[in-house]
Amino acid sequence: MNRKELVGALAEQCNTTQADANEMISAFCEIVVGELKKGDKSSVAIPGFGQFVAKHRPSREMRNPSTGKMMMSKAKTSATFKPSVGLKDL
């Protein structure tokens, strides 16, 4: 399912227009991203669905595959999703 199909399904389920459904999805994404930008321990939990978590990855030594030289990767924070038990059972 892509975003357009999700917007259509949400509009049909909520009995609203596709423009309103698109705004709802955009607002949800902005809220989740804004919360995860707060730091390493931030998360957004939706009971029965799962949890979006910010995960810090420290810098590490790695090998450049084209030159073979060792280099350091950058530390970064990325978003992960942990499904709830009910979602895992599906």
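Brief remarks on what is shown
- Scanning region 43-53 for residues that are surrounded by fewer than 16 Cβ atoms within 10 Å (Cβ to Cβ) and touching a strand residue (DSSP E or B) at 6+ places or on another chain (Cβ under 6 Å) gives ALA45, GLN51.
- Wholly within the chain, helices (runs of 4 or more DSSP H) carrying at least 3 residues that are at pLDDT 95 or above: 3-14, 18-36
- Just one of the numbered conditions (1) without any contact (Cβ under 8 Å) to a residue 12 or more places away in the chain; (2) more than 14 Å from the chain's Cα centre (by Cα); (3) not assigned by TED's automatic domain parsing to the domain that holds ASN2 is not true of ALA45: (2).
Let's see how each residue does on (1) touching a Leu at 6+ places or on another chain (Cβ under 8 Å); (2) assigned by TED's automatic domain parsing to the domain that holds LYS88; (3) surrounded by fewer than 10 Cβ atoms within 10 Å (Cβ to Cβ):
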| site | (1), (2), (3) |
| --- | --- |
| GLU23 | no, no, no |
| LYS55 | no, yes, no |
| PRO58 | no, yes, yes |
| PRO65 | no, yes, yes |
| LYS69 | no, yes, yes |
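- Residue selection: GLY50 satisfies the criterion of being touching a Lys or Arg at 6+ places or on another chain (Cβ under 7 Å) and under 27 Å from GLY86 (Cβ atoms).
The values are calculated or read from the model by the stated rules, or taken from the named source; none is laboratory data. In this text, all values refer to a predicted model and were calculated from it rather than measured experimentally. Glycine also receives a Cβ, built like all others from the backbone with ideal geometry; neighbour counts cover every protein chain displayed.
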